[in-house]
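Each remark here refers to the structure printed beneath this line.
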Amino acid sequence: MKHRFWISILTVPLVLAACGTTNVTSSNDPRAELLALHEEAMRAHRESNAELLLRSEAPEFVSASRGQVTQPSLEVRQARFRQYLGVTRFTEYVDVVPPIVRVSDDGTLGWVIVQVRGSGVQTTPDGGSQPLAFESAWIELYERRGNQWFRVGNVSNFKP
């Protein structure tokens, strides 16, 4: 009987962790929540899973990349990532440095700065394949709405 009590006590946190999602604010550490969202995005790239990557995207979004500031709709971003991840298979997609995470004092805004190295292959339009390798750094901007973080912006660049 005593063993059942301890098994129950030790099992509850594992069950709760397995049932939770990274979008729902369940901890008292918003930095940990943003790190979990970053890891989810990393996993989405490694698994070529656009839906996982887009799960935390806000409808409104600002992007600064390659000398341009744009505000692509959620539909445009969905199409872009589905196409990109549909033809890309990563053999490596890793953090080069530990992510840097900050959250505003009121807990409503946050950002994550990362440097990532990726390599793999992409399917070409003619059905062939070509190698892919890059190193990139970016900042993801997040806004907390209720108990959920939403990705609202990105500023990115690639290493020459």
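Before moving on, here are some points about what is shown:
- Computed about the Cα centre, the dipole magnitude for the stretch 28-158 is approximately 240 debye when only Lys and Arg (+1) and Asp and Glu (-1) carry charge, each at its Cβ.
- Shape parameters for the stretch 28-158, alpha-carbon atoms, Rg then Dmax in Å: 15.0, 51
- Multiplying the residue separation of Val155 and Val76 by 0.36 nm and subtracting their alpha-carbon distance yields 26.7 nm.
- Amide H within-cut-off set for Leu132, under 5 Å, with H built and near neighbours excluded: Gly120, Val121, Gln122
- Along the stretch 64-75 the Karplus relation, 6.51 cos²θ - 1.76 cosθ + 1.60 evaluated at θ = phi - 60°, assigns HN-Hα couplings of 10, 7, 6, x, 10, 10, 10, 10, x, 5, 4, 4 Hz to successive residues, with x for each Gly and Pro.
Since every read-out is calculated from the coordinates, none of them should be taken as a lab result. Here the structure is a predicted model, which is why all the values come from computation and not from measurement. When we count neighbours, we look across all protein chains shown, and the Cβ atoms used for this are built from the backbone with ideal geometry, even at glycine.
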